[in-house]
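For reference, the structure is listed below as structure tokens.
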2 protein chains.
Amino acid sequence: MRAVARLVSLVEDGHPALREVMAALVPHTGRAWVIGLTGAPGVGKSTSTAMLISAFRQRGRRVGVLAVDPSSPFSGGALLGDRIRMQDHSNDPDVYIRSLAARGHLGGLSSATPQAIRVLDAAGFDVVLVETVGVGQSEVEVAGLADTSIVLLAPGMGDGIQAAKAGILEIGDVFVVNKADHEGADRAVHDLRHMISLADRAAPGNWRPPVVRTVAVTRVGADSLMEALDKHRAHLDETGELQRRREGRAVREIEQLAVERMRTRLESVEGGSGLDVLAARLVAGEIDPYAAVDLLLARADR
Amino acid sequence: MRAVARLVSLVEDGHPALREVMAALVPHTGRAWVIGLTGAPGVGKSTSTAMLISAFRQRGRRVGVLAVDPSSPFSGGALLGDRIRMQDHSNDPDVYIRSLAARGHLGGLSSATPQAIRVLDAAGFDVVLVETVGVGQSEVEVAGLADTSIVLLAPGMGDGIQAAKAGILEIGDVFVVNKADHEGADRAVHDLRHMISLADRAAPGNWRPPVVRTVAVTRVGADSLMEALDKHRAHLDETGELQRRREGRAVREIEQLAVERMRTRLESVEGGSGLDVLAARLVAGEIDPYAAVDLLLARADR
């Protein structure tokens, strides 16, 4: 566990040793089932995560949890309060829970998350739950990392409109209406099913995401949710979609790392073709941005 | 106006002619005052934008508005409803209002927005208002595009916590508590001032963001807001901060375009060093992501 914690810290920090670490871990990966869990603040992500941890532990599965907050580049500890609610599992040696801070600039999170997943996968966790706060585009990006994506909603939060707006219909493999004992749950389930059926007509033959009701705080609906997850996993295996998703994820990871490396190269160009000089000329109206890129790349490529 | 509309469409579509267009426009830019306006859904961004348009029009200024929704990669028309509320100005030839859709993948918006600003700047708009939905990191990115950033809040939305969490304290040059006739407005103003004073202590000597109260729907507080904006503009001019911000913006724009071009180059690599092949090998555990990047870049660089 200490080793896992240290390896995830190396990932967070973008430590130079990562290169060696990843090379050593890669041959031991590919076994973990990566499950994404996303939803707006207040829908009950942490209680749902706790419920899922218990359900997988009952099956004897080892569970790793990564809690990612892509909305907050400033406060790495934003999810700390939520973490505390998961303390039930804090003494279980087969459960590892970790917040992942979004340090550094754009792209930092995108490359850190797949690497952190790889650490947990190689460490032998059967299930890796990636919990993210649902906030538009970043949510969609993180969902792309999972084998199975759960989208969590709660009644009375203008679910329908929110869902359509944030594009979550496109990313959910399993939808959960949590707090199903609250007023408006039926309505939320109904609206969601209706929207899914509309989206389904556009893409027939694909997986039709089920809508599950839960009351995560009392563990009601845990069995239904697990059943829905199992069905999706079977679908992934039978259709070859698992391999396709993982390859797509690998494409994005490699591309992201390549872009980061090239960005470093761009920033190291100095003199008249340096970024600062080109930027000052652009502000002065002496050069257009495309010509600036030509000059910059001519030097960055050497 | 028709030409402006067509040019912004070229920007949105990432049209190949953009290169030529930007080269022609750049010498005519640098005069517009770029003002960012951001806030969570429901705080009154559109009514505040309408109020600002009127105030600048009373001074005889030509105003361009770009409404950007970075949270929604799927629905370009998400802000359409809001736009309708600005129809007061739809017959004024010195006001141009446009929604900017976030098409394409990551980075698409980041490079489109400065280019769209450039179009309006070159077209002779004295003020370019960039309105964005406040959603975490993307909001912070867009704020980086403005000379002056207004952060809009409304009472009773858990402002304090929200503010701290989304990092808006760092990006606001002028804070506005809109709906100041609602309960909790005093509290919101007080909390905000307190948080600003705490942040201020960490960075003394800098601009201390004022907090202005408005009721945008009845135009109450428009004068105070304009006064705050004028003060910030004077601060930008006197301290050289205007030039610094614009150069920072230009750096990011050039870098973004360079990264986009390099990404295209990466995706065009074929054969054994192609992204797809490398990704499949990564999933199979045969290669680590860094080694994959080495192979990819060796080919992309030719």
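The numbers here are math on the coordinates, done by the rules we state, and not lab data. For clarity, every value in this text was computed on a predicted model and none was experimentally measured. Neighbour counts are summed over all protein chains in view; Cβ atoms, including those assigned to glycine, are modelled from backbone coordinates with ideal geometry.
Some observations on this one:
- Under-5 Å amide H pairs with A:SER149, H placed in peptide plane, nonlocal only: A:GLY36, A:ASP173, A:VAL174
- Using a 7 Å Cα-to-Cβ projection, B:HIS190 label spacings across copies, nm, ascending: 4.4
- Neighbour-count ranking [beta-carbon atoms within 10 angstrom, fewest first] of A:VAL4, B:VAL220, B:VAL130: B:VAL220, A:VAL4, B:VAL130
- Over 26 Å apart at the Cα level, from the set B:LYS179/B:LYS231; A:LYS45/B:LYS179; A:LYS179/B:LYS45; A:LYS179/B:LYS179, are A:LYS45/B:LYS179; A:LYS179/B:LYS45; A:LYS179/B:LYS179.
- Rounded to the nearest whole Hz, the Karplus-based 3J(HN,Hα) values (6.51 cos²θ - 1.76 cosθ + 1.60, θ = phi - 60°) of segment B:26-37 follow the sequence 3, x, 9, 10, x, 8, 6, 8, 8, 10, x, 9, with x at glycine and proline.
- The distance separating the Cα centre of segment B:191-255 from that of segment B:1-30 comes to 29 Å.
- Over all other residues within a Cβ to Cβ distance under 13 Å of A:ALA5, the charged ones net out to +1, with Lys and Arg as +1 and Asp and Glu as -1.
- Copy-to-copy label distances for B:GLY240, where each label lies 7 Å from Cα along Cα-to-Cβ, are 6.2 nm in order of increasing length.
- For B:SER54 and A:ALA199, the FRET efficiency from 1/(1 + (r/R0)^6), where r spans their Cβ atoms and R0 equals 41 Å, is about 0.50.
- Fewest-first ranking of A:ASP276, A:ASP230, using other Cβ atoms within 10 Å as the exposure measure: A:ASP230, A:ASP276
- Loop sites in segment B:232-300: GluC sites (Glu not before Pro), DSSP, at most 16 other Cβ within 10 Å: B:GLU270, B:GLU286
- Cβ-vector label at 7 Å, B:ASP276, separations to other copies in nm: 4.4
- In sequence order, calculated HN-Hα J values of segment A:173-184 (Karplus, 6.51, -1.76, 1.60; Hz; x Gly/Pro): 9, 9, 9, 10, 9, 7, 6, 5, 8, 7, 4, x
- The calculated FRET efficiency for the pair B:ARG261 and A:GLU286, based on their C-beta separation and a Förster distance of 22 Å, comes to about 0.60.
- Local net charge near B:MET226, Cβ-Cβ under 13 Å (Lys/Arg +1, Asp/Glu -1): +3
- Residue order, fewest to most surrounding Cβ atoms within 10 angstrom, among A:TYR290, B:TYR96: A:TYR290, B:TYR96
- Neighbour net charge for B:GLU20 - beta-carbon separation under 15 angstrom, K R +1, D E -1: 0
- Put simply, the amide H of B:TRP33, placed in the peptide plane, has neighbours under 5 Å in B:VAL127, B:VAL128, leaving out anything fewer than 5 places away on its chain.
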